[in-house]
Every structure is written in structure tokens, then in C-alpha cells.
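Contents: one structure, followed by commentary.
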Amino acid sequence: MKKSLFHFLNWTVLLGSTILVCLFLGIILFDIFSKGVSSLSWKFISRPPTQGMTRGGILPAITGTLWLTLITTLFAVPFGIACAVYLNEYAKPSVLTGIIRASIRNLAGIPSIIYGLFGLALFVQALHLGTSVLSAGLTLGLLSLPYIITTTEEALKRIPDSMREATLALGATQFETIKDVVLPTALPGILTGVILTLSRAAGETAPILFTGVAFYINGSATSVNQEFMALPYHLYMLSTQHQSIEQVRPLAYGTAVVLIVLVFVLNIIAFYIRFKQRTQQ
Amino acid sequence: MDQIKLSAHSLNLYFGEKQILKNINIDFPENQVTSLIGPSGCGKSTLLRCFNRMHDLSSDARIDGAIKLEDLDIYDKKNSVTEIRKRIGMVFQKPNPLPKSIYENMSYALNIHQFPKNEIPKLIESALRESYLWEEVKDELKKPAVKLSGGQQQRLCIARTVVLRPEVILMDEPCSALDPISTRKIEELIISLKKDYTIVIVTHNMQQAQRISDKVAFMYLGELIEFGSCQDVFQNPQNELTKNYVGGHFG
Ligand SMILES: Nc1ncnc2c1ncn2[C@@H]1O[C@H](COP(=O)(O)OP(=O)(O)O)[C@@H](O)[C@H]1O
Ligand SMILES: [Mg+2]
């Protein structure tokens, strides 16, 4: 009797916590959507801001964020995957590779504002790239690297050695084995990690703050050495820096909705890839 | 006198500090089936994997002694490991088809070894026929290989080894994951393959060893205890350990 009461309490506490967490999430989403949906329209996502950003849309912020994510992808994905392949497939277990791995894990824990400072020092100043979408993209790329390396390595670890032995025993080189069997098989896992990492990077504000994001740009960025607008910063700016905050509040919520939807779509894609992979096995 | 195809000379293997193979000397005669038997953990798989240099990738494995394919020293740095593995094929304990179609499983090795494109379909068909698989798969070569039954997958793995026309085929308990009917099919296949290939097979199954072997090698704790014709090892073992093992007293 006592035991079953204990079980019941346990169960209620667990269920209660879960419901509470979901409830908070639901309230946040509901709050943002209910306040932001009124400002959503085709104009909102297809026009630049006008009249001191009290009217008009957020097109430059959307294109800016897409540009930025593209540069981050081009930089972080090839390097990250190459690094993970080296660590998992080629590097012999040793103190050195242990240290490298630990450093990568630690890099993932560094606050993103510090990446911003580092990007400012390295890309903007030392490499003379200026405050630009390129500098910001590279900075976000650095931030993303440890996550991409770690998730790719996890995906590679899940490939059983018997698969590698199959092609090696046929006289394939180790490189052919990686290129033809290991990477294609690990691809869904790698893609999932990459997409989740990029969706996180797309929402970052701190690393782009010093490296190239701008308050306002007339028209969309057309080259990589220009400053740019970005959704998270636009949102920050509208809700804290604008001279008439109350007036632009609906626009801020509208921007938040667009950013959430963007990240949500990326997550759905990642979920779909994982789902397809599971049903194929 | 038998022609010697493959041989090990004073072969020792260590994983880290631990010696796994102790001074192995053995000659495998051409076009015969040699079975490696012995209790689990005695080093059969480890020995087999020495012959196609599968230990190359494990950093803690250290080998001394020599292994020769006819006169070629396979651990000589001058010799290409991929070329050696093309001549000495291997079939594993668990069927490990590539996550590709049946056809691509067969064509993969032919492509990386740059066989002429126009010969590939013919080579694939004849290897599948030799492996008694052609009739079962000829209409569905595009099907993913993992959709085949376990026994078919293992015959596919044998076929994709055979398609390269190796000289030696190494097999590590190829039937241990299969049902009795599939096992029978593979045993027949092994016997039919020996006219063209030299076969070294690890097996746990004493009946199987007697059905398919010309020669039998008994290993115990990393040493080669007895090596002789199938008849001799099973009917008239010289060593006390061998006598106990084939008599079913341990293992
Ligand atoms: N990669 C490895 N590292 C260390 N020890 C190993 C490794 N592979 C096998 N061994 C050891 O070598 C011995 C022989 O193993 P194995 O050749 O697989 O035996 P068998 O195939 O005869 O059952 C076992 O004691 C096993 O624990
Ligand atoms: Mg074994």
C-alpha cells in the first residue's frame, strides 16, 4: 500500500514537471505568436523597414541572416567534417588526440560573446576583413565548429567496423572506404547535427555584434564585405534600442515569429532526416 | 607433394604487451580447404586476419615473423596492401553487405580496381553463378543487399570476393550466424570453390570441419598444436589436447 503510494507520488512529480515545462514553452510561444501575428504579412517579409523602422518590413534582416548562415555553413561544415573524419578514422589513440578532443569539447562551452571578441580581433582587425557579413559568418563558423565536429564524430562512431572491413578486405584504400561507405552511411546523422548547429548559430546575437551586424542597411547586402542586418539583432534593437519602443513592439514580435519559424523549419528538416533514417533500417 | 600457396613462418602477434599468437608455422596447400579449429579465444580469427593484413589498422597490434603468398612476403613494405587484399579475399563471421544494391555490392571492388567497364556485367554474372546466387537474385539486382536473407547475404559476400578472382579466400566462421539450410548451401559452395581457390576457414563446428576440409589445424592458447589431413586429425590425433577437443571433451 505504502509502496504504491510512493510510486504514485513519483509518477505525479515526473508527469507534473513535464507538464510544467511544456506549459512554459506553450505560454512563451503563445505570447510571441499572439502579439506578433498581427504584424505578419507578405509586405512584412518582402519589404525593407521604412520611416525610422516604425513601418515596413524586415526583408534585409531575413536576407542578412540567410547570407550569414550560408557563409557559416561554407566555412564550418567542410572543416568540421574533415576534422571529425581525421579524429575518428585516422588519428591513433594517444595523449595528443585526447587533448585535442577535450579542447574541442571545452570550446563548445565558451560563452558566445567571447567568440564575438575573438572574431573582432582575428577577422575584423588582424585579417583586415572589416566589420562585414564575412567576418561575422566566419565568427559564427568558429562557434559552430566544435558542435559539428562532435556530432559528426558521434555519427561516425555509430558505423560498425564490420562495414569498414568489408571494403578494406576487397582492396579498397582507407580513403576509398571513408568516401564510399563510411561517410554516405553516416550522412543522415551528420546532417542532423549540422542542421541543429546551424539553426542555433542563426539565432546568435553576441558573436555578430562586434563583427559586422548593423542597425539599419538600406537594401539587402550584395557582397560579403558589407555590413548586414540580422533577425536576432534586429529583434534586440527593436525591443531595447529604438527611440519609440512601444510603437515598434508589434514589429519586434513579428520579427521573433519569423526567427522562430526559420529555426523551427530547420529543426523539422533535421527531424525528418532522422525519421527517414530510422524507418529505412 | 602439394603445392604451397600460403604460409606463415615463426609468426608472433602481440596486442600491446599480451602475446596472442606464439611462433606459428603453417603451410596451406593450393586448391585445398584448410580448417582452423580450437576453443574460443585461442587466436583463430587473429591468425586469419594476419593473412590479409587486417591488423594494419589496429595501432596496438605488433607482428613479427613472415607470411608468404607463394614467394611474396606480404608484410614487406614494398608490396601494396590493396594489391595483396585483392589476391587474398576475406569473408567475415557476420554477413556485411555494403548498404547499397546487390549489383553495386558486386561492382564496387571491380570499379576500384579499374576493371574494364564493359566486362563488369559479365564478371558479376559469373561470380553470382559460381556462388549459387544468380538464380535467386538475377531479376532484382537493384534491390538493397540488406533486404536479402542472412544466408543470401553471406553468399553475396562470398560472390563479391570471388568476383575479383583472388587466389586465396579466408573465411571466419562464415556460417555461425546462419540456419542449417543456408549453412549446407555455403558448405557446398566452399567445396565447389576449392578447384579454383585456396581456402582457409575458421570453424567452431566439428561436423562442418569434417565435411569440408582437406586439412585441419588445431590451435590452443595461441599455439598451433596439430596440423594434418582431416582424416588424421579427427581419427588419429597425436596430441592429447587435440584428442580431447575433437572428442568433444572441452571447448
Ligand atoms: N583488438 C584486440 N586487442 C586486444 N586483444 C584482442 C584483440 N582482438 C582479440 N584479442 C584477444 O586475442 C585472443 C584471441 O582472439 P580471437 O583470435 O578472436 O579468438 P578466436 O577467433 O579463436 O575465438 C582473445 O584472448 C582476445 O581477447
Ligand atoms: Mg573468432
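Key figures for this structure:
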{"read-out": "Residue A:105, sole failed condition from (1) touching a residue at least 12 places away in the same chain (Cβ under 8 Å); (2) basic (Lys, Arg); (3) surrounded by fewer than 11 Cβ atoms within 10 Å (Cβ to Cβ)", "value": "(3)"}
{"read-out": "Meets criteria (open to solvent by less than 50 Å² (accessible area, probe 1.4 Å), within 16 Å of ligand 1 (Cβ to nearest atom) and modelled with pLDDT of 95 or more) for residue B:88", "value": "no"}
{"read-out": "Qualifying residues in the range B:207-251 (those that are in a loop (DSSP other than H, G, I, E, B) and at pLDDT 90 or above) - the one surrounded by the most Cβ atoms within 10 Å (Cβ to Cβ)", "value": "B:213"}
{"read-out": "Selection within the range B:93-107 - facing chain A (nearest Cβ under 8 Å) and open to solvent by 20 Å² or more (accessible area, probe 1.4 Å)", "value": "B:94, B:99"}
{"read-out": "Residue check for residue B:170: within 14 Å of chain A (Cβ to nearest Cβ) and within 16 Å of ligand 2 (Cβ to nearest atom)", "value": "yes"}
{"read-out": "Any hit, the range A:168-175, residues being away from chain B (no Cβ under 14 Å), of a type outside the set (Lys, Arg) and open to solvent by 30 Å² or more (accessible area, probe 1.4 Å)", "value": "no"}
{"read-out": "Residues of the range B:163-179 that turn out to be more than 21 Å from residue B:206 (Cβ to Cβ) and either within 15 Å of ligand 1 (Cβ to nearest atom) or not in a loop (DSSP other than H, G, I, E, B) (or both), as a count", "value": "2"}
{"read-out": "Which listed residue, of B:26, B:102, is under 30 Å from residue B:247 (Cβ atoms) and away from ligand 1 (no atom under 14 Å from the Cβ)", "value": "B:26"}
{"read-out": "Filtered residues of the range B:61-85 (kept if of a type in the set (A, V, I, L, M), more than 14 Å from chain A (Cβ to nearest Cβ) and either buried (at least 21 other Cβ atoms within 10 Å of the Cβ) or touching a residue at least 40 places away in the same chain (Cβ under 8 Å) (or both))", "value": "B:63, B:66, B:67"}
{"read-out": "Condition broken by residue B:18, with the remaining ones in (1) within 14 Å of another protein chain (Cβ to nearest Cβ); (2) away from ligand 2 (no atom under 15 Å from the Cβ); (3) out of contact with any strand residue (DSSP E or B) (no Cβ under 7 Å at 6 or more places or on another chain) satisfied", "value": "(1)"}
{"read-out": "Selection within the range B:1-45 - without any contact (Cβ under 8 Å) to a residue 40 or more places away in the chain and not in a strand (DSSP E or B)", "value": "B:1, B:2, B:3, B:17, B:41"}
{"read-out": "Residue under evaluation residue B:40, criteria (1) surrounded by 16 or more Cβ atoms within 10 Å (Cβ to Cβ); (2) within 16 Å of ligand 1 (Cβ to nearest atom), criterion not met", "value": "(1)"}
{"read-out": "Odd one out for residue A:240, checked against (1) away from chain B (no Cβ under 12 Å); (2) of a type in the set (Ser, Thr, Tyr); (3) touching a residue at least 12 places away in the same chain (Cβ under 8 Å)", "value": "(3)"}
{"read-out": "Flag if residue A:45 is open to solvent by 40 Å² or more (accessible area, probe 1.4 Å) and closer than 30 Å to residue A:142 by Cβ", "value": "yes"}
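The values are calculated or read from the model by the stated rules, or taken from the named source; none is laboratory data. Because the structure is a prediction, the values reported are computed rather than measured. Cβ coordinates were reconstructed from backbone atoms using ideal geometry, including for glycine residues, and neighbour counts include every protein chain displayed. Ligands, DNA and RNA are stripped out before the accessible areas are found, and what is left, the full protein with its side chains, is counted by its heavy atoms. Shrake-Rupley method; radii C 1.70, N 1.55, O 1.52, S 1.80 Å.
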